[in-house]
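One structure is given below, encoded as structure tokens.
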Amino acid sequence: MKKLSSIFIIFLLISCQVNEEVREQVGAMGDEAMVVSAHPIATKAGLEILRKGGNVFDAAVTTHFMLAVVYPRAGNIGGGGFAVIRTNDGETACLDFREKAPLRASEKMYQDQNGEVIPQKSQLGHYAVGVPGSVAGIWELHQKYGTKDWGLLVQPAIDVAFDGFAITADEAATLNEKQGDFIAANHYRPWVINDDGWKAGDLVIQKQLAATLSFIRDSGKDGFYKGIVADQIAKEMLRGGGLISEQDLESYEAKWRTPVTGSYKGHKVISMSPPSSGGVALIQMLQGAEMHSLGDHPHNSIPAVHLMAEIERLVFADRARHLGDPDFADIPVATLISTDYNTIRFSNINPSKATASQEVFAGEVELVESMETTHYSIVDPFGNAIAITTTLNGNYGSKVVVEGAGFFLNNEMDDFSSKPGAPDMFGSITGKNNAIAPQKRMVSSMTPTIVEKDGALKMVVGTPGGPTIITSVFQTIINVIDHDMSMQDAVTAKKTHHQWQPDRILVEEGALTTSQMDELKDMGHNIEMRDKIGRTDCILVTNDGRLEGGADYTRGDDYAEGF
Ligand code: GLY
């Protein structure tokens, strides 16, 4: 009897383990609607719009402006981004509201007289700022698809900016980390500078930002790109030696682009086209994964990590050479995502040995910034879906807060190639297609993505993380489709990353055991640890037609809620 019961207990333990391996946690559930973003206040504000009968485009307006208030490191009006959408009748589209180089920008603007890249010049302060695109993008989305009054959608962000909100421990820590940069980048003392140090629960009131948002509420896009706010930006630029003029602002336009599409094991993948490299790279990676049966290997097993690294290395080498702004260079998108090309491209992967990344652009670099951007995913009761990734580039962008207007400006100029072969702040290399030119958009890794199955919505995916955006989206999709993970598990699962140069696999703490890493080193891989990779905020349509929101609360304050 005793023996029998212990066998039963062992059986129970094993079956629990098996179940836990498959589905450890399920995210927020909803029957009709779901919002997932980097901050609970932004998620709840977007959801409230859906509850009042708004659609995803209406909810995106409110979520976006709320993130600019409550998540100042990446939520923004002074940055840019990309949206991928799928309407309930199956129409797909993508919107490019990426920042642009100012009219006075030039190819060698970050080099000294000897042709050396000047450290930090493209990263900190006024000279690093690209012409912001976010307000034009969110305005354009609403103009085309919104149903609720614009002013009512912007108002919740104004209220929170005016009345204040309590910052989280994570935000306090990040603000404290950047105090030196805030002081260096600003000629006055914006609200972010706090000599006593920020603490969780501190109330942040942003009256200047509330006033700026009121201009946007009342005049739409023109409330930012013309009039008082445009004047404040131009004056800020003059004071700090930046290049953006009122003409730059007035001429900025968001652009509708054709999404890049591909397939993975019977799923249709719809993602962002250039100037983001994200969609092209993701579709290439998924082709490599399918060709080499990546999904047959257990999650984060040695063969899986090796294969992913080899695939990612090849794709990032293509990215470096070919990607750029399609308005300035011919980007061979069709070839890069074609099965003919990728069959050859991935044909020489050795299952037991790492390939050395080419030595064309030698030089290891350290990341000088954490990888901040932000992503939100929304599905509405009408069946529309939107994936938006938006950024200031580094945490709090250039660290410049526009005097009188209260918002951060991006440091997106660093995403250009400052010089052929010179790495950006993410250690990522791009080539002549991404050289700086006036009015050009810099290459991005942002990968807002929508996945369909059998003609119906299946997933809405995206994340911050510089180049790790692409590999995190790739692995999140694989986790759901191949490893049958819940959306929440796929989001929280530990990630790895390879980007060709520098030649190393970034391994998130806890992703691999020491002996696994030793084995990968024996195969020829270099390994470098990272505390966090990715911060995906995604939505899955479950097999019974419900919505599961996976918010990355393990790496941030991210929050999903549905109804
Ligand atoms: N600034 C990061 C990206 O666009 O990929």
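The values are calculated or read from the model by the stated rules, or taken from the named source; none is laboratory data. Treat the numbers as computed from the prediction; the structure is a model and nothing was measured. Using ideal geometry, Cβ is built from the backbone for each residue, glycine included, and neighbour counts are taken over all protein chains shown. To get the accessible areas, we keep the full protein, side chains included, count just its heavy atoms, and leave off ligands, DNA and RNA. Shrake-Rupley method; radii C 1.70, N 1.55, O 1.52, S 1.80 Å.
Just to be sure I follow the definition: excluding the sites themselves, where is the longest run in the chain that has none of the GluC sites (Glu not before Pro) in a DSSP loop with at most 14 other Cβ atoms within 10 Å? If you can, show how the numbers build up before the last one.
On the way: sites that count: Glu24, Glu91, Glu116, Glu253, Glu359, Glu364, Glu366, Glu509.
No qualifying site falls inside 367-508, the longest such stretch.
Contact order normalised by length for the chain, with contacts defined as Cα pairs under 8 Å and 6 or more residues apart; what percent is it? Before the final figure, lay out the partial values.
Numbers: 1374 pairs, mean separation 138.5, N = 563.
This gives 25 percent for the chain.
Based on the Cβ-Cβ distance from Phe563 to Gln439, what FRET efficiency comes out when R0 is 56 Å, to the nearest 0.05?
Numbers: r = 43 Å, r/R0 = 0.77.
For Phe563 and Gln439, the calculated efficiency is 0.85.
Got a sec? What order do Phe328, Phe474 fall in by accessible area at 1.4 Å, biggest, i.e. largest, first? Don't skip to the answer; put the middle values down first.
Numbers: Phe328 100, Phe474 0 Å².
Correct descending sequence by accessible area is Phe328, Phe474.
Using just the helices of the chain, give the 222 nm mean residue ellipticity in deg cm²/dmol: DSSP H runs with n ≥ 4 each add -39,500 (n - 2.57), and the total is spread over all residues, rounded to 500. Can you show the working numbers first?
Details: 18 runs with 201 residues, N = 563.
One gets -11000 deg cm²/dmol as the mean residue ellipticity at 222 nm.
Taking every pair of alpha-carbon atoms in region 382-492, what share in percent sits in each 10 Å bin, from 0 to the bin with the longest distance?
It works out to 13, 33, 29, 21, 5, 0, in whole percents.
So for the chain, what are the equivalent ellipsoid semi-axes in whole Å, largest first, each being the square root of 5 times an eigenvalue of the Cα gyration tensor? Numbers along the way, then the final one.
On the way: eigenvalues 252, 163, 103 Å².
They are 35, 29, 23 Å, listed largest first.
What residues of region 512-549 lie in the reach of a label at Lys353, counting those whose backbone N is under 16 Å from a point 7 Å from the Cα along Cα→Cβ?
520-526
Just to be sure I understand the rule: take each whole DSSP H helix in the chain, project its Cα atoms onto its long axis, keep it if the span is 27 Å or more and its mean Kyte-Doolittle hydropathy is at least 0.0. Which ones pass? Could you put the intermediate results ahead of the total?
Numbers: long enough: 2-22 (30 Å, 1.03); 302-322 (30 Å, 0.23).
Both cut-offs are met by 2-22, 302-322.
What full-extension length gain, to one decimal in nm, is calculated for Thr514 and Asn176 as 0.36 nm per residue of separation minus the Cα-Cα distance? Numbers along the way, then the final one.
Values: separation 338, 0.36 × 338 = 121.68 nm, distance 3.31 nm.
My answer for the length gained is 118.4 nm.
Can you tell me how region 432-563 classifies by the Cα gyration tensor, rounded, prolate or oblate, using a/c under 1.5 as the rounded cut?
Details: a/c = 1.98, a/b = 1.19, b/c = 1.66.
It comes out oblate by the Cα gyration axes.
Expected output is a single nm value to one decimal: the length gained when fully extending between Arg51 and Gln247, i.e. 0.36 nm times separation in residues minus the C-alpha distance. What is it? Before the final figure, lay out each step's value.
Details: separation 196, 0.36 × 196 = 70.56 nm, distance 3.99 nm.
Full extension from Arg51 to Gln247 adds 66.6 nm.
What ranking of Ile478, Ile344 comes out by heavy-atom accessible area, probe 1.4 Å, highest first? Present the calculation step by step, with values, prior to reporting the outcome.
Numbers: Ile478 5, Ile344 130 Å².
Correct descending sequence by accessible area is Ile344, Ile478.
Which residues does a label at Thr542 reach in region 549-563, if reach means a backbone N under 17 Å from a point 7 Å past the Cα toward the Cβ?
549-551, 560-563
Order Phe215, Phe316, Phe382 by their accessible area, 1.4 angstrom probe, all chains in place, largest first. Provide the component values of the computation, followed by the final result.
Values: Phe215 75, Phe316 10, Phe382 105 Å².
Result, largest first: Phe382, Phe215, Phe316.
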